[in-house]
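The block underneath contains the structure these notes are about, expressed in structure tokens.
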């Protein structure tokens, strides 16, 4: 089940984030590092009611920020569709439970949240070296929009969107 995260969830959220970051770096994907994401990012997400966790049998197995605003560089992307949108950021799934569709459930939840608020557009991004995220976006029928190099990274980020009814 997906629910709003609470401050008491932070230690497990950071454990999942740290494990995910270690795996990413072992795979040559330096998208996340010691400066992002931080506990402060997740705390801010909780404060704004934008952080969600996937919980099963009282165990947190995943986390994602689902908000109605994107990263700063979103203003520079040549999006296909205009208008209000929701964005998914800082998604991480417990490495021991990967492959069970938990990440996809967050994208489905984002669409439900957007629709509840009269919004029919989701935007998201990932580092091009994050092959799992690229595969997830394709599986969830997101459309590739643009790539761009962001400061401090050697490979481009990929930007995706999905318009739905």
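Figures for the structure shown
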| item | result |
| --- | --- |
| Any hit, the stretch 25-41, residues being in a helix (DSSP H, G or I), closer than 23 Å to residue 101 by Cβ and in contact with a strand residue (DSSP E or B) (Cβ under 9 Å, 6 or more places away or on another chain) | no |
| One residue from 110, 64, 92 being out of contact with any helix residue (DSSP H, G or I) (no Cβ under 8 Å at 6 or more places or on another chain) and surrounded by 13 or more Cβ atoms within 10 Å (Cβ to Cβ) | 110 |
| Where residue 74 falls short, out of the listed (1) in contact with a strand residue (DSSP E or B) (Cβ under 6 Å, 6 or more places away or on another chain); (2) outside any loop (DSSP other than H, G, I, E, B) | (1) |
| Hits in the stretch 129-154 - residues which are more than 17 Å from the chain's Cα centre (by Cα) and under 18 Å from residue 20 (Cβ atoms) | 153 |
| Among the residues listed as 49, 11, the single one being at pLDDT 95 or above, out of contact with any strand residue (DSSP E or B) (no Cβ under 9 Å at 6 or more places or on another chain) and surrounded by fewer than 12 Cβ atoms within 10 Å (Cβ to Cβ) | 11 |
| Residue in the stretch 108-128 that is modelled with pLDDT of 95 or more, on the phi < 0 side of the Ramachandran plot, under 11 Å from the mean Cα position of the chain (by Cα) and outside any strand (DSSP E or B) present | yes |
| Verdict on residue 104 being in contact (Cβ under 8 Å) with a residue 40 or more places away in the chain and either under 19 Å from residue 5 (Cα atoms) or surrounded by 16 or more Cβ atoms within 10 Å (Cβ to Cβ) (or both) | no |
| Filter result for the condition that a residue is more than 29 Å from residue 152 (Cβ to Cβ) and loosely packed, with under 14 Cβ neighbours inside 10 Å, over 75, 58 | 58 |
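The values are calculated or read from the model by the stated rules, or taken from the named source; none is laboratory data. Computed from a prediction, not measured in an experiment: that's the story for all the values here. Using ideal geometry, Cβ is built from the backbone for each residue, glycine included, and neighbour counts are taken over all protein chains shown.
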